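Below is one structure, written out as structure tokens, with a few remarks after it.
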Amino acid sequence: MAQTASEPSVGGLIRNALDDVRDLFREELALARAELRQELSKLTAGAVRFGGAAVALWFAAMFLFVTIALGLAALLAWPAWAGFGVVTLLLAIAGAVMAMAGRRAIREVRPMPRTVETVKENFR
């Protein structure tokens, strides 16, 4: 079968197909980068809002503790420093209990126990 000048060769067809695949891959990669940038921008905005919320809640908690301390002092006819001392003591106890619970939870963590066991078995 004779090949005419208007029919591309097999090599030319393969080259064109590879060029098309390469172009498609580049376009998909560019789209993925653009989508990633857009989603990262949304994520950053959300993180900033969470940070603002955390600061606002921190101040709210501090004012709540001041209110509790002054209210306790007024209720029991104590000086203000005594109310603050009681609130401080209660917060210290709560913090110590949470720290001990966190320490206990961290001690129970075993990083990748099945993976470690499998690696040990494979290299015996």
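If you filter region 102-124 down to residues that are loosely packed, with under 10 Cβ neighbours inside 10 Å and among the aliphatic types (A, V, I, L, M), you find that the one that is farthest from Leu70 (Cα to Cα) is Met112. Residues in region 78-88 that are over 18 Å from Leu64 (Cβ atoms) and open to solvent by less than 90 Å² (accessible area, probe 1.4 Å): Pro79, Ala82.
Residues are listed down the side, and each one gets a yes or a no for (1) in a helix (DSSP H, G or I); (2) within 30 Å of the chain's Cα centre (by Cα); (3) without any contact (Cβ under 8 Å) to a residue 40 or more places away in the chain; (4) more than 30 Å from Thr88 (Cβ to Cβ):
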{"position": "Gly11", "(1), (2), (3), (4)": "yes, no, yes, yes"}
{"position": "Ile14", "(1), (2), (3), (4)": "yes, no, yes, yes"}
{"position": "Asp23", "(1), (2), (3), (4)": "yes, no, yes, yes"}
{"position": "Glu39", "(1), (2), (3), (4)": "yes, yes, yes, yes"}
{"position": "Arg49", "(1), (2), (3), (4)": "yes, yes, yes, yes"}
{"position": "Gly52", "(1), (2), (3), (4)": "yes, yes, yes, no"}
{"position": "Phe59", "(1), (2), (3), (4)": "yes, yes, yes, no"}
{"position": "Phe65", "(1), (2), (3), (4)": "yes, yes, yes, no"}
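The values are calculated or read from the model by the stated rules, or taken from the named source; none is laboratory data. This structure is a prediction, so every number in the text was calculated from the model and none was measured. Using ideal geometry, Cβ is built from the backbone for each residue, glycine included, and neighbour counts are taken over all protein chains shown. In case anyone asks, the SASA skips ligands and DNA or RNA and just uses the protein heavy atoms, side chains included. Shrake-Rupley method; radii C 1.70, N 1.55, O 1.52, S 1.80 Å.
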